[in-house]
Structure formats: C-alpha cells, structure tokens
Amino acid sequence: MSDNENPFARKDYVNEPGIVGASWWNESLASAAAAPTRRSMLVWCVALMALPIIGIATCSGDSDDAEAPDVREERRLTLAMQQDYGWWFGAPGEPLTFTDDVGAADPTVLARLATSLEPSHPAHVPFFQRTLLQAPDATPRKQLSEPETPAFAPLKDFLRAVHTPQLDVFADRGKALAMALTQAAATSVPAAARREALIVDLPGAIAVAYAAGAAAIFDPVLLFDNWPHPRGVVPSHRVLATLLSFEKRFASARKERLPNPPPMFVLASERLTAYSDSATQFDNRYYAKLPDAAALTKLGITRVNYLVAGPNRLPEADDLNESFLSYRRANIAVRALLASEASPLDTPPHYEPVARQNDFKTVAPGSTTGGVNFGTVPVMVGVVAATVVGARIYRNGSWNRVSTYGGG
C-alpha cells in the first residue's frame, strides 16, 4: 500500500504502565486544521482519542477546539481518603468476605471496643493505635464532587464476628507462652532486673487469639493502624471480626493482670503484604509503630521477645529492623520466638538483628507511609477546583464511562 493509500503513519511508540494505545498521525490533518470543517473536526477527534491522555477530552463536531482534560490522577494517602470519603472509598456497596463467622457483630460490643481494648497501664496508652477500632462507626468527613452510589453505610453494618476452635488453640498457646516467660523471668539472676516485653507478629486473626490468651499477664497494646476495604490488600476486617469474638476474654483478662504488667505489642503480619499497583486491589498497607529504645528503657524493659510464625519469618519484618537495631544499641536484648515450635522458649535465646537497606529506614516518625507508593491510592482530582472526584478503581466514575482515560 502506498503512502497515499495509508495516510496514517506511526510517529512514536508508547511503552508506559497504565497507558493504552499509541500515537498515530495523519499528515493531512495539518492542512485540514488550517480550514476546519465539520468533517475535519470529527477526524481530529478520532486522532485525539488515540493519544494517551489522563483526564476527559470532550470533542464535538461543532466546536472549534477540543476541551482540555478536566481531571488528573494523583496519589493520596489511603487512610486519609477513607477517613475523608468513607471506608469503602472506590468500591461502594461491595461486600466484605468472612470465613467461619458466627453471626452479626454485637452492637454493644462494637460500641465499647475502642475503650475496652485500651491498655490497662497508663504508660502503655501512648503507643496504642486506635485506628482500626475507630473504623466501624466512622462517617465521611467530606463529599466527593461526583457522589458515589449507593448511599454510604458504616462499616459496622458489614461486620461479622469470627471464631473457630483453632483460634481457641492459639489463645491457649498464648496463655502458656505468657506463663513460661513469667516463670523464666522470675528465675533469672537478678530477677528484679529482668523485665520483658512481648511483640506478637502473626497473621491478624491468630495474633488476636494469641494476645487474648496472654492478656492475663501481658498488657495488650494493639498496633493495627489501617481501615478495612472491600478490595484491601490487608484483610483487616478479619482482625476486627476476631477482636469482636475475643473482646470478652480480653475484658476478663484485664481484671486478672497485675498493676504493673509488661507490655505486649500486637501486630498483623499481613501489613506489609507484597503488592503491585492494580485496579483490583486497594493498598491499605501500613507499617508498625513500635516504641523507640528510649521509651522501652523508660518502661524498664531489658529484653524484647519477638514472636513470629516460624523460621521463614526471620529476619524480622523490614519495618521493625531499625527499631530492633536501636534496642540492641540501648542494651535491650532481642529474642526471636517461633510460634511453630511446641515450646517457643526452646528457640535459641540470642537473636542478633542485622542492619539492612529497606524503604523504612527513612520513614519520618508519625508518618503513615514507607517506601514508594506504600499505603497510597490513585485518585482522580479536578484540575480547576483541585477536589477529589473519586478513586481510580471506581469503574462507574464519569472519567471511566466517557473518556479515553487508560489508568485501569
């Protein structure tokens, strides 16, 4: 075919993530632009729609110019977007999935969750993360410029309580571990100088069960610092579901604890789940906010026991590496315990954290992100008003319905 028979020729190549199509050009369009007609304008529209753009380009055969894009894509902190526009931001009305649920969440238990699970020792309260426990009753603080449907419903309407016989087994193991740690500390020399903290870093539901079992001796300090989402990378709704079923056991254990119990920091190991930007998932990951060495020293802690599922979970999670190194520098011993062992204390007592490069070394105190695009979500923002229109993953957004936006 001659050039006259095929006026469209490829002028450049596009190989960028999230960009669909390639740029093609019709040399004859240059002359057509000099004397625009309705037919030439329609040809312009076809050509423009093949270009990779972010936003909405509206073409009309009667217009003189193609309109500029009126939305752009930006990344925002995931938790902030959920707090502003609702826990299900980007996936309104989509269900949460539960396994082994035992019924709807008890409204009475839900109402007291954020207070009944607070640490009993005042010195531990500053480290307690209420974030997850505040999610059930939260309502949007702002209105999207393009309202989502259906009408907003709070998270509590979707929650279930989850309980299994296997979770009771983990709770019993937690109780046995706490007693063993206490007995070992009592026989150490000198006993008065030994005060040990416990870090439980297990899959969310199991971590809750272990903590409930150990709560008669250790003061639980929950560090669940995100909100659930229907497409969440981290299934934190299951953590809430397990907390609901174990809340009474936590309350009972609170009454048994001694006046000055050692702290137990409770984490969900899924918080750092590997993830690549996807239209099918929502990045609600977060990093652990452990107290620094100075804070532990002030609490009288001389050793930290780090409980993980098994040897494949060592070395410690990336977001804990800097904290563990600081503990060692402050002469606070670190011991790894394996939950997979019949007796976790059989694990060799010495564990030496090793410095390694990771994205969390530069995270500022109080920040909610670590690494590149960690715990962020792509949103569509109005160009003129700079207001959030919606989440990129929301398929019913007008930018997805009528534009050539190729962001997924």
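No value in this document is a laboratory result; all are computed from the given coordinates. These numbers come from a predicted model, not from an experiment. Here the Cβ positions follow ideal geometry from the backbone for every residue, glycine too, while neighbour counts run over all protein chains shown.
For a protection proxy built on the mean count of beta-carbon atoms within 10 angstrom, sort 314-321, 379-386 highest first, please. Walk me through the numbers before you get to the answer.
Working: 314-321: 19.4, 379-386: 15.5.
In descending order of packing, they fall as 314-321, 379-386.
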- Could you pull out every residue, at least 5 positions away or on a different chain, whose amide H is within less than 5 Å of the one on ILE301? Hs are placed 1.01 Å off N in the peptide plane, and Pro or chain starts have none. none
- Task: State log₁₀ I(q)/I(0) for region 223-274 at q = 0.16, 0.17, 0.27, 0.32 Å⁻¹ as given by the Debye formula over alpha-carbon point scatterers of equal weight, solvent excluded.
- Result: -0.61, -0.67, -1.11, -1.27
- Task: Over 26 Å between C-alpha atoms is what I'm after, so list which of LYS156/LYS248; LYS156/LYS298; LYS248/LYS298 land there.
- Result: LYS156/LYS298; LYS248/LYS298
